[in-house]
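The values are calculated or read from the model by the stated rules, or taken from the named source; none is laboratory data. Fair warning: this is a prediction, and the values are worked out from it, not measured in the lab. Ideal geometry is used to build each Cβ from the backbone, glycine not excepted, and the neighbour counts take in all protein chains shown. In case anyone asks, the SASA skips ligands and DNA or RNA and just uses the protein heavy atoms, side chains included. Shrake-Rupley method; radii C 1.70, N 1.55, O 1.52, S 1.80 Å.
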Amino acid sequence: FFSFSSLSRRPAMLPSSAPLHEALGLGGFNFDNTRRNQVLGAQGVAAPRVKKTGTTIVGVVYKDGVVLGADTRATEGETVCDKNCEKIHYIADNIWCCGAGTSADTEATTQLVSSQIELHRLATGKAPRTITALTMLKRKLFQYQGNISAALVLGGFDCNGPSLYTVYPHGSTDSLPYVTMGSGSLAAMAVFEAEYKDAMSVEEAKALVQAAIMSGINNDLGSGGSVDMLVINKDGNTVLRNVVRPNERKFRKAGGYSFPKGTAKVLTQTFTPLSSLPIDVTTTRSPAAMEVG
């Protein structure tokens, strides 16, 4: 049975045309753009597709510092466009960052934060902390709501000792003793989960990072090339470039390859001289000092 008091507290009914979640005062998913997308699709407008990138980047904390690792393959779709690129980026002498995603985004983001960290060091007169670089990176990525395709592994050594973080493209972060990112991250994480232990020596950490990157190279088509590593500790940093080069090309034609002129056919060719282009020159005079324009 309903009392008059309970009936009086019922919310006013919305028009029948209102969506159900609004009528009930509830939240939920919004599908208002579904019909729009169907109309655009019928007109031949293709919906944007998610870009697949390929990389394996890892990091591990050992007894006296941090070891970062990365593969060296850069891809453009299904094409390998660079077999020996550098994915470990400089932030400061004691802070470095591995980047996965769009190479232009990772390089621009790390270069921007590197310059800000240097200005911060000059202003404070102190060595930068890893958490400061982390804050700058995640604020920048969160500002663009994931439109900057940069997944990062940040490692450093400061007054608080070694530290290791992951930064996702939307700005979320993790702090763990061992981390992996990129399309080969699952294969690399399988190695870490099986072999990691606390208080490792630097040689044990380097061997573990090398095994993790090799696992990504051998199990992920987007990862390849060679293994790069970087060691950060209280004494500074040590860059280890091309530590392992597994899948090197065994056969090379003597004398290389040469292609005669005309091998690639030119289908169309046009030439427009600059003299035939319309030129509109408009001159404006700037007002002199103390002159009212």
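For the range 155-169, which residues satisfy the criterion of being touching a residue at least 12 places away in the same chain (Cβ under 8 Å) and either aromatic (Phe, Trp, Tyr) or not in a loop (DSSP other than H, G, I, E, B) (or both)? Spell out how you get there, then give the answer.
Of the range 155-169, the ones touching a residue at least 12 places away in the same chain (Cβ under 8 Å) are 155-160, 162-169.
Those that are touching a residue at least 12 places away in the same chain (Cβ under 8 Å) and either aromatic (Phe, Trp, Tyr) or not in a loop (DSSP other than H, G, I, E, B) (or both): Gly155, Gly156, Phe157, Asp158, Pro162, Ser163, Leu164, Tyr165, Thr166, Val167, Tyr168.
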Next on the checklist: When you scan the range 281-291, do you find a residue that is of a type in the set (Asp, Glu) and either open to solvent by less than 30 Å² (accessible area, probe 1.4 Å) or at pLDDT 90 or above (or both), even just one?
Outcome noted: no
Next on the checklist: Of the residues Arg121, Arg49, Arg35, Arg73, only one is within 30 Å of Ser201 (Cβ to Cβ) and of a type in the set (D, E, K, R); which?
Outcome noted: Arg73
Checklist entry - Between a first residue in the range 170-182 that is over 16 Å from Gly156 (Cβ atoms) and a second residue that is open to solvent by less than 60 Å² (accessible area, probe 1.4 Å) and assigned to a loop (DSSP other than H, G, I, E, B), which pairs have beta carbons less than 6 Å apart while being 6 or more apart in sequence or on different chains? => result His170/Gly146; Gly182/Thr55; Gly182/Thr56
Item to check | In the range 50-66, the residues that are out of contact with any Gly (no Cβ under 7 Å at 6 or more places or on another chain) and either open to solvent by less than 60 Å² (accessible area, probe 1.4 Å) or under 15 Å from Leu154 (Cα atoms) (or both) | outcome: Val60, Val61, Tyr62, Gly65
Item to check | Matching residues, the range 148-171, being open to solvent by 30 Å² or more (accessible area, probe 1.4 Å) and more than 12 Å from Thr109 (Cβ to Cβ) | outcome: Phe157, Cys159, Asn160, Pro162, Tyr165, Tyr168, His170
Checklist outcome for this item: Within the range 109-137, residues being within 18 Å of His170 (Cβ to Cβ) and not hydrophobic (A, V, I, L, M, F, W, C) number 3
Checklist entry - Pick from the range 83-117 the residues that are over 13 Å from Val239 (Cβ atoms) and among the acidic types (Asp, Glu): which of them is surrounded by the fewest Cβ atoms within 10 Å (Cβ to Cβ)? => result Glu107
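Suppose the filter is surrounded by fewer than 17 Cβ atoms within 10 Å (Cβ to Cβ), touching a strand residue (DSSP E or B) at 6+ places or on another chain (Cβ under 9 Å), more than 18 Å from Ser103 (Cα to Cα) and free of Cβ contacts under 8 Å to residues at least 40 places away in the same chain; does Arg129 pass it? Quick ask: steps written out before the conclusion?
Numbers: surrounded by fewer than 17 Cβ atoms within 10 Å (Cβ to Cβ): no; touching a strand residue (DSSP E or B) at 6+ places or on another chain (Cβ under 9 Å): yes; more than 18 Å from Ser103 (Cα to Cα): yes; free of Cβ contacts under 8 Å to residues at least 40 places away in the same chain: yes.
No, not satisfied.
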Checklist entry - Can we say Thr75 is open to solvent by 20 Å² or more (accessible area, probe 1.4 Å) and assigned to a strand (DSSP E or B)? => result yes
Next on the checklist: Let me confirm something: among Met229, Met214, Met189, Met181, which residue is touching a Pro at 6+ places or on another chain (Cβ under 8 Å) and either of a type in the set (Phe, Trp, Tyr) or surrounded by 11 or more Cβ atoms within 10 Å (Cβ to Cβ) (or both)?
Outcome noted: Met214
Item to check | Residue check, Asp174 open to solvent by 50 Å² or more (accessible area, probe 1.4 Å), part of a loop (DSSP other than H, G, I, E, B) and not small (Gly, Ala, Ser) | outcome: no
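Val80: open to solvent by less than 10 Å² (accessible area, probe 1.4 Å) and either in contact (Cβ under 8 Å) with a residue 24 or more places away in the chain or not small (Gly, Ala, Ser) (or both), yes or no?
Values: open to solvent by less than 10 Å² (accessible area, probe 1.4 Å): no; either in contact (Cβ under 8 Å) with a residue 24 or more places away in the chain or not small (Gly, Ala, Ser) (or both): yes.
No, not satisfied.
Please work out if Leu122 is open to solvent by less than 20 Å² (accessible area, probe 1.4 Å) and either modelled with pLDDT under 95 or not aromatic (Phe, Trp, Tyr) (or both). Quick ask: steps written out before the conclusion?
Numbers: open to solvent by less than 20 Å² (accessible area, probe 1.4 Å): no; either modelled with pLDDT under 95 or not aromatic (Phe, Trp, Tyr) (or both): yes.
Answer is no for this residue.
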Checklist entry - So which residues in the range 83-109 are among the β-branched types (Val, Ile, Thr) and either assigned to a strand (DSSP E or B) or without any contact (Cβ under 8 Å) to a residue 24 or more places away in the chain (or both)? => result Ile88, Ile91, Ile95
